[in-house]
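Just below is one structure, and these are the notes that go with it.
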Number of protein chains: 2
Amino acid sequence: MGKKKENSTNSINAQYLTECDLTYAVCKIGGRWKLLILCKLEDGKLRFSELRDRISGITERMLTLQLREMEKEGLVKRTVHAQVPPRVDYELTEIVQELIPIWKQLEKWGHKHRKMIQSTEVDD
Amino acid sequence: MGKKKENSTNSINAQYLTECDLTYAVCKIGGRWKLLILCKLEDGKLRFSELRDRISGITERMLTLQLREMEKEGLVKRTVHAQVPPRVDYELTEIVQELIPIWKQLEKWGHKHRKMIQSTEVDD
DNA sequence: CCGTATCCTAAAAGATACTG
DNA sequence: CAGTATCTTTTAGGATACGG
């Protein structure tokens with residue numbers, strides 16, 4: 001019904017998206033690239049090409065897709081400077097800045113878990 | 001080379017998995033079902049059928065797959081009771097319990113973000 | 001420089017039937 | 001009860017070429 005999803009990521013299913021705030025949150029920042037992009041913006045604005053160059057392996061298509069989606073969801077702010085050649089930069093919104101301490105903790109947890117697993121598995 | 005990945009989820013790419021603790025962490029708990037399952041175990045042990053019944057929409061295959069993977073990664077503990085009919089229960093490991101406060105915050109953030117978005121988008 | 005448009009692949013998830 | 005085994009579908013993500 002209505003509009004077909006054209007090219008967005010992280011849909012998962014509507015069922016839990018509306019029921020569960022955690023599923024909802026994970027969808028906002030899930031997928032392969034989102035947090036990676038947000039991290040790069042942690043220290044301030046970056047332009048498209050700077051992001052692309054800092055995130056090894058990402059294609060321009062993916063970068064655009066993720067940025068557009070996050071813009072739509074109020075996670076990043078996109079600013080176009082009317083000049084030639086064009087200059088566009090991206091920055092974190094306020095609400096996503098509240099996420100920073102959370103992903104820091106997640107990162108620490110990841111580090112700890114990785115160490116734990118490594119000491120556990122002697123063999124493959 | 002070596003062993004083929006048979007049926008596991010959340011592989012993403014090795015590149016960031018080994019470089020970035022955040023990507024690593026998100027992979028551990030990412031995907032459609034993992035956090036949903038872990039949440040249910042927050043209050044204590046549950047058996048397979050209890051989990052299945054509490055998570056609407058999940059198939060037995062998916063539940064098994066996710067549980068097995070999380071067991072392998074030390075996120076859940078599986079206990080088989082030798083009796084007929086069989087009884088198997090699952091519980092959180094210590095390291096994943098350290099994640100609980102983090103996902104609580106994420107949940108709160110999700111709630112807040114959802115409210116924000118709702119008040120923003122008057123139209124579709 | 002900052003993207004979009006197409007086409008394509010791989011991986012995650014679903015349906016369904018069956019088993020110790 | 002607690003799963004496996006197959007098979008199919010869906011969707012996230014990738015390759016590449018082109019455009020304002």
>> Given the -39500 (n - 2.57) contribution per DSSP H run of 4+ residues, what per-residue ellipticity at 222 nm results for chain A, rounded to the nearest 500 deg cm²/dmol?
In response: -15500 deg cm²/dmol
> So what's the net charge close to A:ASP21: Lys and Arg +1, Asp and Glu -1, counting the other residues with Cβ under 11 Å from its Cβ?
Replying inline: +4
> Quick one: label points 7 angstrom along Cα→Cβ at B:GLY44, distances to the other copies in nm, smallest first?
Replying inline: 5.4
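Just tell me how shielded A:72-78 is by partners: mean number of partner chain Cβ atoms within 10 Å of each residue's Cβ, no decimals. Don't jump to the answer; show the numbers that get you there.
Working: counts 2, 4, 5, 1, 0, 0, 0.
Whole-number average of other-chain Cβ neighbours for A:72-78 is 2.
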>> A 24 angstrom limit on the alpha carbon distance is what I want to check against. Which of A:LYS112/B:LYS115; B:LYS28/B:LYS115; A:LYS77/A:LYS112; A:LYS77/B:LYS115 exceed it?
In response: A:LYS112/B:LYS115; B:LYS28/B:LYS115; A:LYS77/A:LYS112
> P(r) tail for segment A:32-121, what percent of Cα pairs lie past 18 Å?
Replying inline: 50 percent
>> Need one value for B:107-118: mean number of C-beta atoms belonging to other chains within 10 Å of its residues' C-beta atoms.
In response: 6
> Taking N as the number of residues in the protein assembly as shown, what is its Cα Rg relative to 2.2 N^0.38 Å?
Replying inline: 1.10
>> So with the 1.4 Å probe, I'd like the accessible area per residue for chain A, rounded to whole Å².
In response: 58 Å²
> Copy-to-copy spacing for B:ARG114, label 7 Å out on the Cα-to-C-beta vector, in nm, shortest first?
Replying inline: 3.2
> Which listed residue (A:ILE37, A:ILE117, A:VAL84) has the Cα farthest towards the positive end of the charge dipole for chain A, taking +1 on Lys and Arg C-beta and -1 on Asp and Glu C-beta about the Cα centre?
Replying inline: A:VAL84
> Which distances, in nm and shortest first, link the B:GLU71 label point to the same label point in every other copy, taking 7 Å along Cα→Cβ?
Replying inline: 4.7
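Shielding by partners for A:91-98, please: the mean number of other protein chain Cβ atoms within 10 Å of each residue's Cβ. Write out the running numbers ahead of the final one.
Values: counts 0, 0, 1, 1, 5, 2, 0, 5.
Average per residue, whole number: 2.
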>> On C-alpha positions alone, give me the angle between the axis of helix B:100-120 and the longest principal axis of chain B, in degrees, nearest 10.
In response: 40 degrees
>> Solvent-accessible area of B:GLU71, probe 1.4 Å, all protein chains present, reported in Å² to the nearest ten, please.
In response: 70 Å²
> Cα axis of helix B:60-72 to longest principal axis of chain B: angle in degrees, 0 to 90, nearest 10?
Replying inline: 80 degrees
> For chain A, what is the relative contact order in percent, using Cα pairs closer than 8 Å and at least 6 residues apart in sequence?
Replying inline: 21 percent
> Listed highest first by mean packing, meaning other Cβ atoms within 10 Å per residue, what order do A:85-93, B:80-88 come in?
Replying inline: A:85-93, B:80-88
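The values are calculated or read from the model by the stated rules, or taken from the named source; none is laboratory data. Keep in mind it's a predicted model, so treat the numbers as computed, not measured. Note: ideal-geometry Cβ built from the backbone for every residue, glycine included; neighbour counts use all protein chains shown. Just the protein is used for accessible areas: all its heavy atoms, side chains included, with ligands, DNA and RNA removed. Shrake-Rupley method; radii C 1.70, N 1.55, O 1.52, S 1.80 Å.
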